[in-house]
Amino acid sequence: MKSKRIPFILMATALVLTASTVFGAVVEGVRFEEQLKAGRMVLDMRGAGVLRYMVFIKAYAGALYLPEDIAPGEALADVPKHLEVEYFHAIKGEDFGPATIKSIQKNIDPDTLKRLMPRIAYHNGLYVDVAPGDRYALTYIPGNGTTLRLNGTPLGTIEGADFAAALFSIWLGPNPVDDKFKQALLGMSP
């Protein structure tokens with residue numbers, strides 16, 4: 001009897017492991033794909049997590065995608081990347097801009113911020129109101145720029161690796177919006 005149970009347990013374990021690879025990650029009920037295509041590149045999920053404010057309030061779940069051979073420390077380099085976030089609460093489009101500028105300002109020097117401001121202002125003008133369950137995504141492709149999408153619909157593309165590094169620094173820079181969320185996105189343990 002025991003010999004029949006062992007193969008069943010091994011098969012069930014294999015099915016669970018396979019399902020997690022096929023279906024991607026689920027974070028707080030939000031599903032993210034294991035891989036996605038950005039231009040001609042296939043990007044792998046590096047990590048996923050939940051951004052919390054004041055410890056208890058869940059703002060959004062997010063996932064970061066990078067090429068397989070990119071180390072966590074190279075995430076802000078001129079490499080393809082994709083960040084996707086799904087919101088748990090409604091947010092007005094006009095509220096994204098000030099938060100974006102404030103977060104970028106913490107991660108870059110004043111001269112770079114001044115040089116990037118026209119592109120940051122254009123980017124901030126693309127934001128619209130979001131409702132719970134909406135997803136914003138940022139995709140950077142070298143030579144193409146950073147595209148902002150809402151629920152899969154492109155809203156605009158901004159050129160420059162410097163702009164992409166500044167924008168993604170909100171989550172991945174030396175002074176991210178949240179250290180635990182940064183570590184989760186990069187697939188690093190806290």
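Bear in mind that the values in this text are calculations on the coordinates, not laboratory data. Predicted model only: the values in this text are computed from it and were never measured. Because the Cβ atoms are built from the backbone with ideal geometry, glycine has one as well, and the counts that use them run over all protein chains shown.
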When PRO118 is run through (1) farther than 23 Å from GLU159 by Cβ; (2) free of Cβ contacts under 8 Å to residues at least 12 places away in the same chain, the failure sits at (1)
All-but-one check, ASP69 against (1) in contact (Cβ under 8 Å) with a residue 24 or more places away in the chain; (2) part of a loop (DSSP other than H, G, I, E, B), failing number (1)
Original post:
Can you find a residue in segment 73-81 that is small (Gly, Ala, Ser), outside any helix (DSSP H, G or I) and crowded, with 20+ Cβ neighbours inside 10 Å?
Top reply: yes
Checking THR146, THR157 in turn, the sole residue that is closer than 22 Å to GLY47 by Cα and not acidic (Asp, Glu) turns out to be THR146
Reported set for segment 82-115 where residues are outside any loop (DSSP other than H, G, I, E, B), crowded, with 20+ Cβ neighbours inside 10 Å and touching a residue at least 60 places away in the same chain (Cβ under 8 Å) is LEU83, ILE104
Conditions (1) loosely packed, with under 13 Cβ neighbours inside 10 Å; (2) in contact with a helix residue (DSSP H, G or I) (Cβ under 9 Å, 6 or more places away or on another chain); (3) under 23 Å from VAL50 (Cα atoms); (4) without any contact (Cβ under 8 Å) to a residue 40 or more places away in the chain -> ASN151 fails only (2)
When every residue in segment 38-52 that is over 14 Å from TRP171 (Cα atoms) and either assigned to a strand (DSSP E or B) or in contact (Cβ under 8 Å) with a residue 40 or more places away in the chain (or both) is compared, the one nearest to the chain's Cα centre (by Cα) is MET45
